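Heads up: the structure comes next, in structure tokens.
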Amino acid sequence: MDRELPSGTVTFLFTDVEGSTKLLHRLGTERYAEALAEHRRVLREAFGRHGGVEVDTQGDAFFVAFATAPAALSAAQDAQAALPIPVRMGLHTGTPLLTDEGYVGTDVHRAARIAAAGSGHQVLVSSTTAALAGTDALRDLGEHRLKDLAAPERIYQLGPEEFPPLKSLYRTNLPVPATPFVGRERELREVQELLARDDVRLLTLTGPGGTGKTRLALHAAGEAADAFPDGVFWVPLAPLRDPGLMVEHAAQVLGANDGLADHVADKRLLLLLDNFEHIIAASTDLERLRASCPNLRLLVTSRELLGLPGEQAYPVPPLEPADATALFVARARAVEPDFEPDEATAELCARLEQLPLAVELAAARIRLLSPAQLLDRLSSRLDLLKAGRGIDPRQQTLRATIEWSHDLLDEQERRLFARLAVFAGGCTLEAAEDVCEADLDTLQSLVDKSLVRVREDHRFWMLETIREYALERLESAGEDGELHHRHVEYFLALAEQAEPHLYEYATEWLDRLDREQPNFRVALDRLEASNQWETLLRLAAALSPLWGIRGSINEGRHRLEAALAVDEGPTPARAKALTAAADLALGQGDDEKVDELAEEALCLHRANGNERGAVESLLVLAHAAADRDDFERARDLAAEAAKATEAEPSSTQAMQATWQLGWAYLGLGERDRGRELYEEALRRARAAGSTNMQALALSGLSRLAISDDRPADAIPLLEESIRLNREAGDRWRLAIDACRLARALAALGEARAAARLLASGKALLEEIGGAPSWRVGEDDETIALVRERLSDAELAEESELGATVAPDEVAAIALEAVDPSIRD
């Protein structure tokens with residue numbers, strides 16, 4: 001194809017053989033060479049028939065240009081129909097610059113990235129190509145992120161076939177910015193060069209708040225994605241206050257099934273830890289992580305260095321004058337489309353010392369004040385707020401900028417601005433109205449002035465730098481004590497209102513409380529600092545179901561047991577907290593601690609006349625007894641609980657007592673009686689619509705089926721249990737069910753699936769700190785069955801694969817592993 005390259009609007013087609021190395025090993029050198037030659041012939045004939053011009057060929061990849069989108073799509077369709085090996089294709093239409101050297105522009109890169117996102121035999125098409133070629137034969141795959149931080153691309157697929165998920169995300173959670181990245185070309189290049197150096201494994205971007213550290217780090221991380229095949233992940237640390245939670249928080253962001261270090265291991269991965277300055281004490285944990293993971297690269301933003309060996313500092317400077325002006329113009333036009341810069345614009349940016357946050361705050365006012373007017377108002381404020389020696393002048397200037405922006409607010413706006421700082425991680429409108437007496441119009445005004453932002457989930461939040469300033473204003477107004485009290489009261493009421501719904505696996509309540517974790521942590525910290533132990537016990541006890549279900553067992557136990565050690569008063573709050581702590585200890589198999597806590601709780605509940613609390617303690621004690629095979633004690637305790645709840649057979653406690661009795665009778669060898677009780681618990685749970693108890697009874701019946709040598713019968717029971725637990729987000733029970741399904745599959749001869757599932761479930765249990773001792777025997781049985789069919793090397797390989805599965809994929813993998821013929 002030596003025809004002239006098309007110009008103007010051009011459709012690019014990229015092709016690539018998927019898994020060429022594996023294909024070579026499978027076919028052998030001679031047959032692979034024949035297949036490759038046939039593949040080239042088929043492609044070139046198809047391209048030629050539809051007017052395609054071959055731009056470049058490298059190895060088994062083709063780059064072809066077409067004058068029209070329909071021609072390119074037809075060529076791809078014809079080629080795929082005749083290809084002997086799996087080839088992925090990507091099409092994108094644009095208007096690239098055509099030079100003597102070929103095509104230049106982002107459209108070429110976009111087409112290549114689209115092709116790389118697909119699988120063998122799959123043809124992917126960009127939205128621009130789809131619009132020109134027509135979508136009748138195309139399937140909409142939705143929006144997908146490509147390599148960089150540009151807006152998502154809507155991608156279509158030619159034909160209805162099913163393929164694996166697109167690889168367009170480059171394994172990243174980097175957020176797509178709402179506004180374009182302006183300037184910073186020199187800084188971006190320098191940061192990229194440092195990230196590429198083998199001797200730089202920890203790069204810290206430093207500078208005061210508002211210098212644009214986060215934005216620069218996000219863009220640099222996105223541009224470096226190709227160098228990190230195992231992913232680029234952003235870990236926002238601003239809402240975190242406890243340095244001890246940094247590793248656990250990062251593990252959750254990465255979806256680690258095991259400890260963070262074990263999950264990362266030798267992966268080539270970039271971790272962006274954003275806003276580290278307030279948890280500097282966690283730097284020792286970061287050093288241990290770096291020592292354990294030889295290929296891990298750390299990119300950190302912080303107002304101060306971490307002080308670790310080998311740390312490479314990069315002080316983020318203010319913007320260049322031209323870039324600051326360009327940023328101001330871009331942000332000003334977002335609120336005033338007709339804005340045109342003048343001489344005062346550049347001067348204003350200079351007086352703001354080219355600090356990105358200061359520039360953005362000023363630009364947000366452009367609808368009310370011209371650059372000259374802004375400059376006049378800013379002049380006196382900068383001089384007035386100049387600090388003495390020893391203060392970073394850039395931090396000083398940022399404070400002056402925020403102060404100036406604050407001074408432009410009316411009294412009602414200032415009051416609400418300060419009050420909103422009481423929230424950590426943002427808040428709902430309802431919380432702002434209740435705690436801060438927020439007026440919707442005033443709140444909207446603060447959003448319009450860029451002092452408060454709104455997330456997609458309609459939560460209001462502040463940049464941390466602005467929130468810190470607002471907290472100072474709250475303290476100076478003398479309202480901080482009252483607002484902190486209101487904050488605690490609001491979130492205590494929310495937790496106690498949600499608690500009964502949490503036990504019933506009400507997803508909307510679980511998700512709601514999950515989003516408020518930063519606020520709950522702040523409330524708990526404030527209660528501890530003010531020695532309000534009884535209120536702390538109430539809040540922590542109410543949150544215990546959330547901690548248990550969503551996998552924060554370690555944090556929950558620490559909070560509860562620390563408070564219990566200080567406040568020993570025989571109050572109802574202590575009794576409830578003791579039961580909650582015992583329940584969390586139960587999830588970790590700490591049966592000795594369970595007995596200690598639950599026995600005291602039982603005595604207190606009875607002394608306080610709380611029969612419901614006493615039943616809860618009895619059930620926890622019965623479970624612990626069954627865990628250690630003391631089934632006679634378990635039976636007696638469960639029977640006592642059942643008697644106490646017989647007037648309310650559809651209550652959760654009554655159904656749990658029935659289930660607990662079933663377990664005890666099974667352990668005592670009365671299998672028919674045990675099965676009857678399990679089935680009765682399930683019937684009552686279905687009638688009551690209790691998701692929690694349905695999942696528990698289904699899992700118990702599956703365990704019985706496995707022990708009765710009926711593993712096939714366990715499959716549908718576990719399928720339903722897994723579905724219910726997945727919908728509720730119960731990570732602990734998902735892990736338990738994954739291990740149990742592994743046992744059933746091992747008995748059915750599905751050794752590889754069993755090994756992978758077991759490793760996945762056990763890794764998740766270890767991550768959340770909930771690996772009870774009673775699991776050991778069942779897991780040992782699974783391994784013994786697997787070893788009958790797999791070699792040590794095969795078992796290790798499958799276990800390694802399973803341990804890398806993210807927690808939210810455990811259920812899906814468990815179900816996919818089931819052979820349909822087994823269910824039949």
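In the list Ala644, Ala634, which residue meets the criterion of being open to solvent by 20 Å² or more (accessible area, probe 1.4 Å) and in contact with an Asp or Glu (Cβ under 9 Å, 6 or more places away or on another chain)?
On the way: Ala634 fails: open to solvent by 20 Å² or more (accessible area, probe 1.4 Å).
Exactly one of Ala644, Ala634 is open to solvent by 20 Å² or more (accessible area, probe 1.4 Å) and in contact with an Asp or Glu (Cβ under 9 Å, 6 or more places away or on another chain), namely Ala644.
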Quick check: is even one residue across the stretch 179-189 at pLDDT 70 or above, on the phi < 0 side of the Ramachandran plot, among the acidic types (Asp, Glu) and in contact with a Pro (Cβ under 6 Å, 6 or more places away or on another chain)?
no
Could you grab the pairs with beta carbons closer than 6 Å, sequence gap of 6+ or different chains, first residue in the stretch 698-724 and among the β-branched types (Val, Ile, Thr), second one open to solvent by 50 Å² or more (accessible area, probe 1.4 Å) and in a helix (DSSP H, G or I)?
Ile715/Arg823
Could you list all residues from the stretch 79-111 that are in contact (Cβ under 8 Å) with a residue 12 or more places away in the chain and of a type in the set (Gly, Ala, Ser)?
Ala79, Ala82, Gly90, Gly94, Gly102, Ala111
Being closer than 17 Å to Leu13 by Cβ, part of a helix (DSSP H, G or I) and either in contact with a helix residue (DSSP H, G or I) (Cβ under 6 Å, 6 or more places away or on another chain) or open to solvent by less than 60 Å² (accessible area, probe 1.4 Å) (or both) narrows it down to one of Ala75, Ala81, so name that one.
Ala75
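Is the stretch 289-308 home to any residue that is open to solvent by 40 Å² or more (accessible area, probe 1.4 Å) and without any contact (Cβ under 8 Å) to a residue 24 or more places away in the chain? It would help to see each step written out before you state the result.
Going through the stretch 289-308, the residues open to solvent by 40 Å² or more (accessible area, probe 1.4 Å) turn out to be 291-292, 294-295, 303-305, 307.
Next cut, without any contact (Cβ under 8 Å) to a residue 24 or more places away in the chain only: 291.
Checked against the condition, which is being open to solvent by 40 Å² or more (accessible area, probe 1.4 Å) and without any contact (Cβ under 8 Å) to a residue 24 or more places away in the chain, the stretch 289-308 yields at least one hit.
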Using beta carbons and a limit of 7 Å, which pairs, at least six apart or on different chains, have the first residue in the stretch 607-618 and in a loop (DSSP other than H, G, I, E, B) and the second one surrounded by 23 or more Cβ atoms within 10 Å (Cβ to Cβ) and modelled with pLDDT of 90 or more?
Asn608/Ala575; Asn610/Ala575
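Among the candidates Arg612, Arg606, single out the residue that is surrounded by fewer than 20 Cβ atoms within 10 Å (Cβ to Cβ) and more than 22 Å from Trp533 (Cα to Cα).
On the way: Arg606 fails: more than 22 Å from Trp533 (Cα to Cα).
None of the others qualify; the one that does is Arg612.
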Qualifying positions in the stretch 409-440 - charged (D, E, K, R) and touching a His at 6+ places or on another chain (Cβ under 7 Å):
Arg414
Looking at (1) of a type in the set (A, V, I, L, M); (2) closer than 21 Å to Leu564 by Cα; (3) over 37 Å from the mean Cα position of the chain (by Cα), can you tell me which one Ala634 breaks?
(2)
For the stretch 202-229, pairs from a residue that is surrounded by 21 or more Cβ atoms within 10 Å (Cβ to Cβ) to a residue that is at pLDDT 85 or above and of a type in the set (Phe, Trp, Tyr), with Cβ under 6 Å and 6 or more apart or across chains, are Leu205/Tyr314
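Do we have Lys267 as modelled with pLDDT of 85 or more, touching a Gly at 6+ places or on another chain (Cβ under 6 Å) and basic (Lys, Arg) here? Quick ask: steps written out before the conclusion?
Numbers: modelled with pLDDT of 85 or more: yes; touching a Gly at 6+ places or on another chain (Cβ under 6 Å): no; basic (Lys, Arg): yes.
The answer is no for Lys267.
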Looking at this structure, is Pro236 of a type outside the set (A, V, I, L, M), more than 17 Å from Thr804 (Cα to Cα), touching a strand residue (DSSP E or B) at 6+ places or on another chain (Cβ under 6 Å) and open to solvent by 20 Å² or more (accessible area, probe 1.4 Å)?
yes
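May I ask you to verify whether Ser617 is hydroxyl-bearing (Ser, Thr, Tyr) and more than 32 Å from the chain's Cα centre (by Cα)?
Working: hydroxyl-bearing (Ser, Thr, Tyr): yes; more than 32 Å from the chain's Cα centre (by Cα): yes.
Yes; evaluated as a whole, the condition is true for this residue.
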Total residues in the stretch 461-500, condition within 19 Å of Arg521 (Cβ to Cβ), open to solvent by 30 Å² or more (accessible area, probe 1.4 Å) and not in a helix (DSSP H, G or I)
1
Only one of (1) more than 28 Å from Arg189 (Cα to Cα); (2) of a type in the set (S, T, N, Q); (3) in contact (Cβ under 8 Å) with a residue 60 or more places away in the chain is not met by Thr284, so which one is it?
(3)
Taking the stated definitions as given, is Leu443 farther than 28 Å from Phe276 by Cβ and either touching a helix residue (DSSP H, G or I) at 6+ places or on another chain (Cβ under 7 Å) or touching a residue at least 40 places away in the same chain (Cβ under 8 Å) (or both)?
yes
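State yes or no: is Tyr32 in a helix (DSSP H, G or I), farther than 26 Å from Ala137 by Cβ and aromatic (Phe, Trp, Tyr)?
Values: in a helix (DSSP H, G or I): yes; farther than 26 Å from Ala137 by Cβ: yes; aromatic (Phe, Trp, Tyr): yes.
For Tyr32, the condition - in a helix (DSSP H, G or I), farther than 26 Å from Ala137 by Cβ and aromatic (Phe, Trp, Tyr) - is met.
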Is it the case, given these coordinates, that Arg775 is of a type in the set (Lys, Arg), at pLDDT below 90 and open to solvent by less than 10 Å² (accessible area, probe 1.4 Å)?
yes
Cβ pairs under 8 Å, 6+ apart, first in the stretch 482-508 and more than 24 Å from Asn531 (Cα to Cα) and polar (S, T, N, Q), second modelled with pLDDT under 95 and open to solvent by 50 Å² or more (accessible area, probe 1.4 Å):
Thr507/Glu727
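Identify the residue in the stretch 744-767 that is assigned to a helix (DSSP H, G or I) and open to solvent by 30 Å² or more (accessible area, probe 1.4 Å) and, among all such residues, is modelled with the lowest pLDDT.
At the first step, the residues of the stretch 744-767 found to be assigned to a helix (DSSP H, G or I) are 744-747, 751-767.
Those left that are additionally open to solvent by 30 Å² or more (accessible area, probe 1.4 Å): 747, 752, 756, 762, 766-767.
Numbers: Ala747: 93, Arg752: 89, Arg756: 88, Lys762: 89, Glu766: 83, Glu767: 80.
Within the stretch 744-767, the match that is modelled with the lowest pLDDT is Glu767.
Hey, among Glu561, Glu516, which residue is modelled with pLDDT of 90 or more, buried (at least 21 other Cβ atoms within 10 Å of the Cβ) and under 22 Å from Pro243 (Cβ atoms)? Talk me through it step by step, then tell me what you get.
Numbers: Glu561 fails: buried (at least 21 other Cβ atoms within 10 Å of the Cβ).
None of the other options fit; the residue is Glu516.
The values are calculated or read from the model by the stated rules, or taken from the named source; none is laboratory data. Please read all numbers here as calculations on a predicted model, not as lab measurements. With ideal geometry, Cβ positions are generated from the backbone for all residues, glycine too; neighbour counts draw on all protein chains shown. Heavy atoms of the whole protein, side chains included, go into the accessibility calculation; ligands, DNA and RNA do not. Shrake-Rupley method; radii C 1.70, N 1.55, O 1.52, S 1.80 Å.
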